[in-house]
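The values are calculated or read from the model by the stated rules, or taken from the named source; none is laboratory data. From a predicted model like this one, the values you see are computed outputs, not experimental measurements. No Cβ is skipped: glycine too gets one built from the backbone with ideal geometry, and neighbour counts run over all protein chains shown.
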């Protein structure tokens with residue numbers, strides 16, 4: 001049989017979570033001009049793809065206020081176009 005009581009571990013205090021977002025991995029900037037140019041192009045293209053994807057998701061969902069370009073926004077843009085045309 002067991003001898004004595006079970007020892008309890010001391011409670012550790014939790015660190016407060018930082019308010020700022022976590023910093024990403026560090027990247028070393030390229031020194032060659034061709035690599036810098038390539039990096040700029042990829043950044044521009046990925047930003048365009050992300051924006052296009054978000055727009056398509058918003059148009060499918062429609063009822064989400066967080067995403068711009070939904071059904072509500074389409075109605076507003078059509079009204080603006082009609083006012084401008086007059």
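Evaluate the following for residue 55: is it in a helix (DSSP H, G or I), modelled with pLDDT under 90 and surrounded by 12 or more Cβ atoms within 10 Å (Cβ to Cβ)?
When the stated conditions are applied, residue 55 passes them.
Looking at (1) surrounded by fewer than 10 Cβ atoms within 10 Å (Cβ to Cβ); (2) modelled with pLDDT of 65 or more; (3) in a loop (DSSP other than H, G, I, E, B); (4) more than 18 Å from the chain's Cα centre (by Cα), can you tell me which one residue 19 breaks?
Exception for residue 19: condition (4).
When you go through (1) modelled with pLDDT of 80 or more; (2) exposed (fewer than 10 other Cβ atoms within 10 Å of the Cβ); (3) not in a helix (DSSP H, G or I) one by one for residue 34, which number turns out not to apply?
The failed condition is (3).
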